[in-house]
Amino acid sequence: GRTIDLKVNGYAHLSNVFIKINEAPALYLPYAVIPVKTKRQSGLLFPRVQPVSQNGFTLLQPFYWAISRSMDATIGGGFYSLKGPKAELEYRYMLSNRSYGNLSAFYLRDKQFIDPYVNRWAVNYRHNIELGGGFEQKLNWLDASDRDYLRKIGDITGYEESALVSEAG
């Protein structure tokens, strides 16, 4: 940036910013505000834009929610131009080094799948809790509304697999 006004545990205000890749200018921003904080803070994240994909033009706006020191969530909404509106949620918690979890959930109101406007969804939940005495409870739940969700939408892992695998132990 040509001019930078930085405040520790505050924000950096930059003007005439050039973002470079391998020393070559790739993007110009006339003005940018970047957080310079050590503490997590709720707020809008940078939108995800994908001009060309199998689902058409994609725009998703995520919001980061710092719930507490041990849990947070990212909530997003947007659309696929060829499919329809989309919502997603990622919730994370960490109670200790051996007690933690992550829930990812996705919803799509698909105007192209079978009949118009079919509700499609996917869930990926990983959970690990320390029970004491060296025992742990583990759960990995992976599910989707239909078998084509993995290949056509691609939100959850396992799209190259022939089946979804959920485990508990």
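Listed conditions (1) among the hydroxyl-bearing types (S, T, Y); (2) surrounded by fewer than 16 Cβ atoms within 10 Å (Cβ to Cβ); (3) closer than 22 Å to S42 by Cα are all met by S166, apart from (3). Any idea which residue in segment 53-66 is least open to solvent (accessible area, probe 1.4 Å), counting only those that are over 17 Å from K152 (Cβ atoms) and in a strand (DSSP E or B)? Ranking the qualifying residues of segment 53-66, first place goes to P62. Kindly evaluate L89 against the criterion of being under 24 Å from S70 (Cβ atoms), touching a strand residue (DSSP E or B) at 6+ places or on another chain (Cβ under 8 Å), touching a residue at least 24 places away in the same chain (Cβ under 8 Å) and of a type in the set (A, V, I, L, M). So L89 does not fit the description; no.
One line per residue, one yes/no per condition, for (1) of a type in the set (V, I, T); (2) modelled with pLDDT of 90 or more:
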{"residue": "N9", "(1), (2)": "no, no"}
{"residue": "I21", "(1), (2)": "yes, no"}
{"residue": "Y64", "(1), (2)": "no, yes"}
{"residue": "S70", "(1), (2)": "no, yes"}
{"residue": "G77", "(1), (2)": "no, yes"}
{"residue": "F113", "(1), (2)": "no, no"}
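Residue under question is S104, and the condition is that it be touching a residue at least 40 places away in the same chain (Cβ under 8 Å) and among the hydroxyl-bearing types (S, T, Y); does it hold? Spelling it out, S104 is indeed touching a residue at least 40 places away in the same chain (Cβ under 8 Å) and among the hydroxyl-bearing types (S, T, Y).
Just name the residue that is surrounded by the fewest Cβ atoms within 10 Å (Cβ to Cβ) out of those in segment 1-51 that are among the aromatic types (F, W, Y) and under 30 Å from I67 (Cα atoms). Applying the filter and picking the extreme gives F46.
The values are calculated or read from the model by the stated rules, or taken from the named source; none is laboratory data. Please read all numbers here as calculations on a predicted model, not as lab measurements. Here the Cβ is made from the backbone with ideal geometry for all residues, glycine too, and neighbour counts use every protein chain on show. Surface accessibility is based on the protein's heavy atoms, side chains included, excluding ligands, DNA and RNA. Shrake-Rupley method; radii C 1.70, N 1.55, O 1.52, S 1.80 Å.
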